[in-house]
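The values are calculated or read from the model by the stated rules, or taken from the named source; none is laboratory data. Note that the structure is a prediction, hence the values are computed from the model and not measured. Cβ placement follows ideal geometry from the backbone for every residue including glycine, while neighbour counts extend to all protein chains displayed. Heads up: the accessible areas ignore ligands, DNA and RNA and are worked out on the full protein's heavy atoms, side chains in. Shrake-Rupley method; radii C 1.70, N 1.55, O 1.52, S 1.80 Å.
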Amino acid sequence: MPGKKYAILGGGGSFGIHTALYLLDHAKPEKVIGIGRNPLRQPAFSLDIDKREGYEYHARHITYELDLLLELLDREKPEIIVNFAAQGEGAVSWKHSWRFFETNSMALVRLSEELMKRDWLERFIQIGTSEMYGSVDRAVTEEEPIKPSSPYAASKVAFDMYLLSVSRFLKFPMNILRPSNAYCSGQLLHRVIPKAILSGLIGEKLPLHGGGKAEKSYIHARDLGRAIHLTAEGAPLGTVYNVGPKEPTSIRRVVELCAEAIGVPFEDLCEVTGDRLGQDSRYWLDSSAIKRDLGWEPEIGWQQGLAEVVDWVRTYIDELRLAPRDYTLRG
């Protein structure tokens, strides 16, 4: 029986790439189509995925090239669409906030209205965010009241609420996954894990915002790819799932683990700086629903996951030295 076609929007980012790699290795797909706003980045960040059999990549901008994106989708007719496409980074969303709503809400609503006219679509999987629950003092379920604490999170909430309504009343075939923070090889260097490892290997100091007191929940991007695959194969339509580990980890502890992974003393790796605007103190998910329904739970521990990132940084260290390490907001 032939496999299904998957299209991954936001497919040029590290999580989209790792999801594509997971699907190519485990889903027996007919094809995996990555779609992003730019051409693929250099090999350090694309991981040479364009050389994999059964994979194609296309540059289409979901906000400004919806017509071209729909032409591509109508030609390929993917049964499963996975959406990572978003303006990310809650910390920078306090300025130019409208850009986050333009992409994360409006562009995706326009796309969804068009997809409702296509009978080839079996399932749309939206990758939401745990930030919509705000800072919490316990592991929260999918029923937790929504408390976004940044314009970014609010813009993601808006599309989630839209999807829930059109799923219920118009039978749009969708699922929403709300993952914790993910990490992986190929991740851009403004993220704390690759930035810490690169800084340690080239002898630079890592700024540790607020001393790293904030706690976040981390999973490896391959574990997220597995959650997406399981959802595509068997989740009840309309269901929302949290996707995270059982316990959160402080940013300080994450940096300590990075220091251990590269054999550098923690004190030599970082310097404490002021906290970021709107920094939530703890993200913590109860992911028992996806374990109950689909059998998912994280499989990749810190030691294995960080060892992979260290190997990646060592392999591409000359390229990564020259790569940007700060986030730049773009259209």
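A few remarks follow.
- Ordering of 101-107, 209-215, 137-143 by packing is 101-107, 209-215, 137-143, highest average first (other Cβ atoms within 10 Å, averaged per residue).
- Only protein atoms count toward the accessible area here, which uses a 1.4 Å probe; on the stretch 29-95, the carbon and sulfur part of that area reaches 48 percent.
- Spin-label model distance (nm) - ARG168 vs GLN42, 7 Å beyond Cα toward Cβ: 4.9 nm
- Per atom type, the stretch 123-182 shows carbon and sulfur on 56% of its accessible surface, probed at 1.4 Å.
- In degrees, nearest ten, helix 66-76 long axis to first principal axis of the chain (Cα): 70 degrees
- Pairs beyond 18 Å (Cα-Cα), from LYS95/LYS156; LYS5/LYS28; LYS31/LYS117: LYS31/LYS117
- Cα-based Rg of the chain normalised by 2.2 N^0.38 Å, two decimals: 0.95
- The peptide list 59-70, 34-45, 191-202, put in order of mean Cβ contacts within 10 Å with the highest first, becomes 191-202, 34-45, 59-70.
- Straight-line cross-link partners of LYS205 among the aspartates and glutamates, defined as a Cα under 14 Å from its Cα and at least 8 positions apart when in the same chain: GLU256, GLU267, ASP268, GLU271.
- Bridge type composition, the chain - antiparallel percent by DSSP, nearest 5: 5 percent
- Relative contact order (%) - the stretch 86-239, alpha-carbon pairs under 8 angstrom, separation at least six: 26 percent
- Per residue, the chain exposes 44 Å² of accessible surface when a 1.4 Å probe is rolled over the protein heavy atoms with every protein chain present.
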